[in-house]
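Notes follow once the structure below has been shown.
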Amino acid sequence: MPKTTTDAREGAANVSPLPAAESPPHHRWWILAIIGVAQLMVVLDATIVNIALPSAQKDLGFSDGDRQWVVTAYALAFGSLLLLGGRIADLFGRKMTFLIGLVGFAGMSALGGAATSFEMLVVARAGQGLFGALLAPAALSLLTTTFTDPKERATAFGVFGAIAGAGGAIGLLLGGLLTEYFDWRWTLYVNLAFAAVAFIGGMMLLRRTARSKTTSLDVPGAVLVGAGLFSLVYGFSNAESHDWSSPQTWGFLIAGAVLLAVFTWWQTRSSHPLLPLRILLDRNRGASFVAVMISGAGMFGVFLFLTYYLQQSLGYTPVKTGLAFLPMVAALMVASTLATSVLVPRIGPKPVVPLGMGLAAAGMAWLTALGLDSSYTADVMPPLIVAGLGLGLVIAPAMSLAVAGVDTEDAGVASATVNAMQQVGGSIGTALLNTLATSAAADYMIGRDPKDPLVQAHASLEAYSTAYWWSAVFFAAGLVVSVVLYRRGVPEQDPDAAPVVHM
């Protein structure tokens with residue numbers, strides 16, 4: 001399940017503690033509700049648009065090669081700017097950043113809902129990601145500073161995490177309902193209602209916070225990492241239309257690699273780096289970053305291609321498509337709870353995460369057997385459940401270990417980095433999988449009648465199967481990496497650590 005993720009500690013790292021004499025807000029539980037509404041809006045956006053994508057493609061007439069940009073534009077902007085967004089919240093004040101993020105997110109949602117062209121829709125989705133990168137860190141920071149009592153804070157983050165966990169499933173159902181009974185554009189317009197409620201409540205109840213005089217923005221770092229990631233995604237996307245041998249493909253891929261290398265070098269020179277490289281040096285943490293990136297690539301891919309398969313190959317309605325994904329979401333949540341509460345505390349991550357990678361790879365490989373006459377109960381649901389169990393065993397332990405054991409001053413950036421890893425992995429994975437899938441469909445059509453509906457249907461199956469096989473390869477590679485990198489044994493647990501929240 002493609003979902004944005006974050007951690008309770010994200011706010012704590014860049015937030016000065018409240019003075020002892022300052023009492024917590026009397027309306028703090030209402031503030032939790034306001035922040036929860038904003039959180040739900042951001043989480044919904046990760047899945048609600050996926051269900052509507054086939055309808056949007058039909059309405060705006062964009063190609064199969066271009067469809068991935070509706071997903072990756074948001075994820076890429078969000079992931080590459082998340083670290084910078086946390087710094088901005090400290091520099092300009094968390095209340096102001098939160099409100100600006102809400103207004104901007106709503107405005108971009110309105111622009112996307114009114115889109116008359118593919119380009120207009122992609123610009124709006126990128127804008128949503130930009131303002132989401134402002135909104136998410138500010139929301140976590142506000143939650144941290146609002147609830148100063150440890151017990152109340154644990155309760156607040158528990159509620160916040162429950163909203164985040166359920167948001168993906170709600171997005172699937174709401175996306176199906178809005179697309180089927182209204183129009184795909186309402187999957188974007190609905191954000192206006194969420195943003196209005198959160199904005200009015202935020203204006204009335206949130207305290208204005210002082211600007212941090214010690215925070216500095218690493219603008220060169222933000223430009224380098226943003227340009228580098230965009231170049232990689234754009235290069236993979238161009239392979240579908242320009243071929244792998246084209247300078248439009250390998251040129252952007254090389255440029256992306258060079259820009260990211262320069263970004264890495266700059267982080268060792270910057271006085272206020274976006275990503276202090278010391279947080280990458282721990283083996284468990286490094287393995288967790290890789291695991292999160294790979295799972296992001298696999299999740300985003302399966303949601304995109306299985307949505308098209310269910311609606312276009314099996315003729316499912318948008319509502320039925322949303323419901324079809326729920327067993328996978330349920331399996332993911334069960335496995336996540338089991339992994340973090342039972343397995344990792346007893347046997348450590350080294351057996352658990354590779355097992356999850358293997359199950360996810362098996363689920364992806366199983367999906368390649370789907371055909372035009374496949375049934376949901378016998379053919380679609382079983383591999384979805386297997387993949388969901390595997391993803392749950394990977395994501396929850398990796399998210400937790402990615403921020404475990406970091407110094408206090410690095411907790412926020414570690415949390416933001418693991419969130420960015422999932423979004424960036426999803427962006428790059430979706431671009432690459434979509435390119436491979438559309439190329440496979442084009443190869444299948446060679447020598448066949450392109451106007452024959454049956455040929456078109458089988459070409460689509462070939463595209464989906466190719467995407468599933470490559471997703472299985474991703475997870476198989478993740479299995480090897482996690483076996484090699486994760487340490488043996490149970491990691492040390494900090495009893496005073498803040499609870500982990502997945503967005």
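The values are calculated or read from the model by the stated rules, or taken from the named source; none is laboratory data. This one's a predicted model, so the numbers in the text were calculated from it and none came from an experiment. Every residue, glycine among them, receives a Cβ derived from its backbone with ideal geometry; neighbour counts consider all protein chains shown. Ligands, DNA and RNA are stripped out before the accessible areas are found, and what is left, the full protein with its side chains, is counted by its heavy atoms. Shrake-Rupley method; radii C 1.70, N 1.55, O 1.52, S 1.80 Å.
Listed values, structure above:
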{"item": "Single unsatisfied condition, Met203 versus (1) assigned to a helix (DSSP H, G or I); (2) within 25 Å of Gln128 (Cα to Cα); (3) open to solvent by less than 20 Å² (accessible area, probe 1.4 Å)", "result": "(3)"}
{"item": "Test set (1) open to solvent by 10 Å² or more (accessible area, probe 1.4 Å); (2) over 20 Å from Tyr308 (Cβ atoms); (3) out of contact with any Gly (no Cβ under 8 Å at 6 or more places or on another chain); (4) of a type in the set (A, V, I, L, M, F, W, C) - Val352 fails condition number", "result": "(1)"}
{"item": "Residues located in the range 105-138, provided they are more than 13 Å from Asp45 (Cβ to Cβ), part of a helix (DSSP H, G or I) and open to solvent by 10 Å² or more (accessible area, probe 1.4 Å)", "result": "Gly107, Ala110, Leu111, Phe118, Glu119, Met120, Val122, Val123, Leu134"}
{"item": "Subset of the range 48-64 that is out of contact with any Pro (no Cβ under 9 Å at 6 or more places or on another chain) and not aliphatic (A, V, I, L, M) - its residue that is most open to solvent (accessible area, probe 1.4 Å)", "result": "Lys58"}
{"item": "Filter result for Val197 (open to solvent by 50 Å² or more (accessible area, probe 1.4 Å), part of a helix (DSSP H, G or I) and under 19 Å from Lys95 (Cβ atoms))", "result": "yes"}
{"item": "Subset of the range 259-302 that is of a type in the set (S, T, N, Q) and in a helix (DSSP H, G or I) - its residue that is nearest to Thr368 (Cα to Cα)", "result": "Ser295"}
{"item": "Qualifying position, being open to solvent by less than 70 Å² (accessible area, probe 1.4 Å), part of a helix (DSSP H, G or I), modelled with pLDDT of 85 or more and more than 30 Å from Ser141 (Cβ to Cβ), among Val483, Val473", "result": "Val483"}
{"item": "Selection status of Arg67, open to solvent by 10 Å² or more (accessible area, probe 1.4 Å) and among the charged types (D, E, K, R)", "result": "no"}
{"item": "Meets criteria (surrounded by 20 or more Cβ atoms within 10 Å (Cβ to Cβ) and closer than 30 Å to Leu281 by Cβ) for Ala402", "result": "yes"}
{"item": "The range 365-393 - residue that is in contact with a helix residue (DSSP H, G or I) (Cβ under 8 Å, 6 or more places away or on another chain) and free of Cβ contacts under 8 Å to residues at least 24 places away in the same chain and, of those, surrounded by the most Cβ atoms within 10 Å (Cβ to Cβ)", "result": "Pro383"}
{"item": "Filtered residue count, the range 201-217, keeping only those that are within 27 Å of the chain's Cα centre (by Cα) and modelled with pLDDT under 80", "result": "3"}
{"item": "Residue list for the range 231-258, filter: among the aliphatic types (A, V, I, L, M) and surrounded by fewer than 20 Cβ atoms within 10 Å (Cβ to Cβ)", "result": "Leu253, Ile254, Ala255, Ala257, Val258"}
{"item": "Any pair with Cβ under 6 angstrom, 6 or more apart, that starts in the range 429-447 at a residue that is within 27 Å of Met293 (Cα to Cα) and ends at one that is modelled with pLDDT under 90 and open to solvent by 50 Å² or more (accessible area, probe 1.4 Å)", "result": "Thr435/Glu240; Thr438/Asp64; Thr438/Glu240; Ser439/Glu240"}
{"item": "Residue match in the range 83-98 (condition: open to solvent by 30 Å² or more (accessible area, probe 1.4 Å), more than 21 Å from Ala196 (Cβ to Cβ) and modelled with pLDDT of 85 or more)", "result": "no"}
{"item": "Single match in Asp90, Asp64 (criterion: farther than 16 Å from Ala46 by Cα, outside any helix (DSSP H, G or I) and either of a type in the set (D, E, K, R) or touching a His at 6+ places or on another chain (Cβ under 9 Å) (or both))", "result": "Asp64"}
{"item": "Test: residue in the range 16-29 that is over 30 Å from Pro327 (Cβ atoms), in contact with a helix residue (DSSP H, G or I) (Cβ under 7 Å, 6 or more places away or on another chain), at pLDDT below 85 and assigned to a helix (DSSP H, G or I)", "result": "yes"}
{"item": "The range 290-307, residues that are modelled with pLDDT of 85 or more and touching a Ser or Thr at 6+ places or on another chain (Cβ under 7 Å)", "result": "Ala291, Thr307"}
{"item": "Tally, over the range 303-325, of residues that are outside any helix (DSSP H, G or I) and surrounded by 24 or more Cβ atoms within 10 Å (Cβ to Cβ)", "result": "1"}
{"item": "Trp265, sole failed condition from (1) at pLDDT 85 or above; (2) open to solvent by less than 70 Å² (accessible area, probe 1.4 Å)", "result": "(2)"}
{"item": "Residue in the range 170-187 that is among the hydroxyl-bearing types (Ser, Thr, Tyr), open to solvent by less than 50 Å² (accessible area, probe 1.4 Å) and either closer than 30 Å to Ala414 by Cα or part of a helix (DSSP H, G or I) (or both) present", "result": "yes"}
